[in-house]
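Accompanying notes for the structure given below.
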Amino acid sequence: MEYKHILVAIELSQDTNILIDRATFFANKLDADLSFVYIDGTHGEIYPELVDIKQHTGELPFNEDAVKQLRDFEAYSQHNIKHLFMGTGDLTDKLKETVAANQVDFLICGHHHDFWSKIVSYARGLIHKSPVDLLVVPLK
């Protein structure tokens, strides 16, 4: 199977480097585009649209520290990042539109093996709603 556009669901932690390394490996092997998406779910859906902070000009409606961390992850990647999406709310609710609008055909996310992830798992929601192939990477 050929993948042409890989989307990585990232969080603002150093564990994200594991996802970026894995995604970069696949993107390089497959000669695929690579994009990141970060959804801040801590405050609900404050801003309903996903914003591509690589393309957006002007003031961003997001926390400056979060934007800086996303740009740091972009710099960490050993592959060119096509889109750097950021939003609020729930990724699973925005996933179908984002995947279709950007011709994404492979999604990568992480899953922690800890107590809280047994109760609240974002990966579980993605498994149930992903319209494309999904790789769930275990994070320690």
Open item on the list: Ignoring GluC sites (Glu not before Pro) that are buried or in helix or strand per DSSP, and keeping those with at most 16 other beta carbon atoms within 10 Å, what is the longest stretch of the chain between them?
Closed with: 60-140
Open item on the list: Suppose all protein chains stay in the model; what accessible area per residue would a 1.4 Å probe give for the chain, in Å²?
Closed with: 58 Å²
TODO: Please label the shape of the range 1-94 as rounded, prolate or oblate, based on the square roots a ≥ b ≥ c of the eigenvalues of the alpha-carbon gyration tensor (a/c under 1.5 means rounded; beyond that, a/b larger than b/c means prolate, else oblate).
DONE: prolate
TODO: Rounded to the nearest 500, what is the 222 nm mean residue ellipticity of the chain from helices alone, with -39500 (n - 2.57) per DSSP H run of 4+ residues and division by all residues?
DONE: -11000 deg cm²/dmol
- [ ] For the chain, give the magnitude of the charge dipole about the Cα centre (Cβ charges: +1 Lys/Arg, -1 Asp/Glu; no others), in debye to the nearest 20.
- [x] 380 debye
TODO: Mind counting lysine pairs for me in the chain? Cα separation below 20 Å, and the two need to be 8 or more apart along the chain or on different chains.
DONE: 15
TODO: Would you mind telling me the share, in percent, of accessible area of the chain contributed by carbon and sulfur at probe 1.4 angstrom?
DONE: 51 percent
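The values are calculated or read from the model by the stated rules, or taken from the named source; none is laboratory data. All figures in this text were calculated on a predicted structure; none of them were measured in a lab. Glycine gets a Cβ as well: all are built from the backbone with ideal geometry, and neighbour counts include every protein chain shown. For the accessible areas, the whole protein counts, side chains as well, though only heavy atoms, and no ligand, DNA or RNA atoms are used. Shrake-Rupley method; radii C 1.70, N 1.55, O 1.52, S 1.80 Å.
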